[in-house]
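Asker: Take a look at this one; I'll ask things after.
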Amino acid sequence: MKPGDRVNWNYAPRGGYGYMIKVAGVVRKLTTKRAIIEVARKVDGVWKKEQRSVSLAKLTLRTTPSPELGELTE
């Protein structure tokens, strides 16, 4: 993995419901154990980009573009 790569973040909501949500993101910075990724979140009906620090173990590479992140569909 390197900065600029498209990834899916396997996000587990708080509360112990036992399921994971795949959140599309883009790697911005890497360290040995964590990554800073940019994700899109819908706030008041508008998609806004924000950065999250996540464990590398929760990331997988993705190939499909995400329009919410401003990526062009192929």
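Asker: Please sort 53-59, 6-12 by packing, taking for each peptide the average over its residues of neighbouring beta carbons within 10 angstrom, highest first.
Answerer: My ranking of the peptides, most packed first, is 6-12, 53-59.
Asker: Given the peptides 38-44, 21-27, arrange them by the average over their residues of other C-beta atoms within 10 Å, most packed first. Write out the running numbers ahead of the final one.
Answerer: On the way: 38-44: 12.9, 21-27: 18.0.
Going by the mean number of other Cβ atoms within 10 Å, highest first, we get 21-27, 38-44.
Asker: So how do 30, 72 rank on accessible area, 1.4 Å probe, biggest first, that is with the largest at the start?
Answerer: Solvent-accessible surface, decreasing: 72, 30.
Asker: Continuing with this model, one more query. Considering the dipole of the chain built from charges on the beta carbon (Lys and Arg +1, Asp and Glu -1) around the Cα centre, which of 23, 36, 70 is farthest to its positive end?
Answerer: The one lying farthest along the dipole's positive direction is 36.
Asker: Relative contact order of the chain, please, whole-number percent, based on alpha carbon pairs below 8 angstrom and at least 6 residues apart.
Answerer: Working: 139 pairs, mean separation 20.8, N = 74.
Answer for the chain is 28 percent.
Asker: So if I place +1 on the C-beta of Lys and Arg and -1 on the C-beta of Asp and Glu, and nothing else carries charge, what would the dipole magnitude of the range 2-74 be about its Cα centre? I want it in debye, nearest 20. Walk me through the intermediate numbers first.
Answerer: On the way: 15 positive and 7 negative charges, 77 e Å.
I would put it at about 360 debye.
The values are calculated or read from the model by the stated rules, or taken from the named source; none is laboratory data. In this text the structure is predicted, and so the values were computed from the model without any measurement. Positions of Cβ are generated from backbone atoms using ideal geometry, with glycine treated the same way; all protein chains shown enter the neighbour counts. For accessibility, only protein heavy atoms count, side chains too; no ligands or nucleic acids. Shrake-Rupley method; radii C 1.70, N 1.55, O 1.52, S 1.80 Å.
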